[in-house]
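Data first, discussion second: the structure below is written as structure tokens.
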Amino acid sequence: MRNYNSRQRILVTGGAGFLGSHLCDRLIEQGNEVLCVDNLFTGAKQNIEHLLSHPRFEFIRHDVTFPLFVEVDQIYNLACPASPVHYQHDPVQTTKTSVHGAINMLGLAKRVGAKIFQASTSEVYGDPVVHPQPEAYWGNVNPIGIRSCYDEGKRCAETLFFDYHRQHGLEIKVARIFNTYGPRMHQNDGRVVSNFIMQALRGEPITVFGEGKQTRSFCFVDDLIDGIVALMSTPKDFTGPMNLGNPHEMTMLELASHIVELTGSRSTIEFKPLPADDPTQRRPDTRLAEEMIGWNPSVHFRDGLSKTVDYFKRFV
Ligand code: NAD
Ligand code: UDP
Ligand code: UDP
């Protein structure tokens, strides 16, 4: 699209969610015009309340499974519930959001000539047998399980991005985001960090699924947003996929004890059944991000966690 001033007009789908709202903040800070599109399924107006009266910010309530006709220079496609509890609530809608949402946003990018970012996920690696996971690993995903609506939806979205790139010459940037935490995660969204913090703050038992030996690697949201924005600025021919995540790996039992210690909680551990297809291990190989965009997460887990705990205190 022709730009009559130097400002970029940027569409952020899922912009009222956890990551999307932080991305909107960053893009506004950089002087851009931001169009935030969200159906508010898991996102909330409170996340963007401070931006609603900003002259360079606009919000549209819209479901990306339906076509969208707007004029923009760049698109960040983040619309999709990310917590297993949410994405399994209406799995058909989850697949539609990833697949039809990607088709519509790619169609839009094609029409207006916009560069387009896709928030893909470490879930494309499924229950990985290669550890840590490099981008070249094709993954180990169950196509018919309860996580498949999310995992396969995101895999298909990646396929669409690369086919629009090859077939229609679109400029694409695909990030595979690993578990990220921070302020504005939904307090009831069922993800492990928000669950454990809320339970610890309320003095309720900490619900560890399975034996708690499964691992995840947690990235603080500010680091992740740095990575996303840097990936968007890579040379035109660089598409990714690029892992973005913090390689600092821990078991869920270790996570529980960090949170209990930091909050000074008297919560005990309560073991609950492990959900089906729950990946046993996950850690990003971040060498590509380091080489390509000089990115390395810098926020120490303890610091990120205490900022997150401070945020959650208002909901107790
Ligand atoms: P989130 O649930 O807080 O945000 C998702 C946003 O998308 C919400 O505001 C929701 O209302 C919106 N949305 C959902 N379906 C929509 C639809 N059909 N049309 C329009 N809006 C819709 O989750 P998040 O953690 O901010 O995740 C953002 C993106 O990053 C997602 O695509 C997710 O898959 C991806 N991701 C996140 C993580 C993580 O750890 N947070 C990890 C990997 C990938
Ligand atoms: N689309 C959209 N906004 C646009 C342009 C296209 O939502 O500005 C949608 C359009 O409705 C279509 C999809 O994107 O369903 C894919 O568009 P594309 O041009 O690739 O395919 P076609 O329209 O030929 O099916
Ligand atoms: N988990 C847990 N207790 C909870 C919620 C989650 O032990 O209350 C576990 C879950 O089984 C998984 C890990 O924590 O092994 C991360 O779960 P989350 O839903 O945050 O993300 P994902 O599984 O998508 O990485």
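The values are calculated or read from the model by the stated rules, or taken from the named source; none is laboratory data. Model, not experiment: these values are computed from the prediction. Surface accessibility is based on the protein's heavy atoms, side chains included, excluding ligands, DNA and RNA. Shrake-Rupley method; radii C 1.70, N 1.55, O 1.52, S 1.80 Å.
Of interest is the spacing of the C-alpha centroids, which for region 250-296 and region 1-69 amounts to 30 Å.
Computed with a 1.4 Å probe over protein heavy atoms only, the accessible area of His100 comes to about 80 Å².
Where does helix 192-202 land angle-wise versus the long Cα axis of the chain, in degrees 0 to 90, nearest 10? Once rounded, the angle reads 50 degrees. To put it simply, the accessible area of region 186-243 at a 1.4 Å probe is 49 percent carbon and sulfur. Residue by residue, region 67-76 carries 3J(HN,Hα) couplings of x, 9, 10, 9, 10, 9, 9, 9, 10, 10 Hz when phi is fed to the Karplus relation 6.51 cos²θ - 1.76 cosθ + 1.60 (θ = phi - 60°); x denotes Gly or Pro.
With respect to the chain, whose longest principal axis is taken over its alpha-carbon atoms, helix 18-29 is tilted by about 50°. Please work out, to two decimal places, the log10 of the ratio I(q)/I(0) at q = 0.13 Å⁻¹ from a Debye calculation in which every Cα of region 15-154 carries one identical scatterer. With no solvent term, the Cα-only Debye profile gives -0.61. How much of Ser83 can a 1.4 Å solvent probe reach, expressed as accessible area in Å² and rounded to 10? Ignoring ligands and nucleic acids, Ser83 comes out at about 0 Å².
Taking every C-alpha pair closer than 8 Å and separated by at least 6 residues, the mean separation divided by the residue count of the chain gives a relative contact order of 17 percent. Just so you know, the Rg over Rh for the chain is 0.95, from Cα atoms, with Rh as the Kirkwood radius. Annotation: per residue accessible area for region 104-216 equals 37 Å², rounded to a whole number [probe 1.4 Å, protein chains only].
Principal axis analysis of the Cα atoms in region 181-316 yields extents of 51, 32, 21 Å, listed in decreasing size.
Among Asp38, Asp25, Asp163, the largest mean-square fluctuation in a Gaussian network model of the chain, built with springs joining Cα atoms closer than 10 Å, belongs to Asp163.
Amide hydrogen proximity for Gly126: with H placed 1.01 Å from N in the peptide plane, the residues at 5 or more positions away or on another chain lying under 5 Å are Asn140.
Against the chain, whose longest principal axis comes from its Cα atoms, helix 221-232 is set at around 30 degrees. Within a straight-line Cα-Cα reach of under 18 Å, Lys213 can be paired with the following aspartates and glutamates, leaving aside sequence neighbours fewer than 8 residues apart in one chain: Asp127, Glu249, Glu254, Glu270, Asp277, Asp278.
Using the Cα gyration tensor of region 178-221, with a ≥ b ≥ c the square roots of its eigenvalues, what is the shape: rounded (a/c below 1.5), prolate (a/b larger than b/c) or oblate (neither)? It comes out oblate by the Cα gyration axes.
For the residue pairs Lys115/Lys154; Lys96/Lys173; Lys45/Lys236; Lys272/Lys313; Lys154/Lys236, the C-alpha atoms sit more than 29 angstrom apart in Lys45/Lys236.
Along region 94-111 the Karplus relation, 6.51 cos²θ - 1.76 cosθ + 1.60 evaluated at θ = phi - 60°, assigns HN-Hα couplings of 5, 5, 4, 4, 5, 7, 5, x, 5, 4, 5, 5, 5, x, 5, 4, 5, 5 Hz to successive residues, with x for each Gly and Pro.
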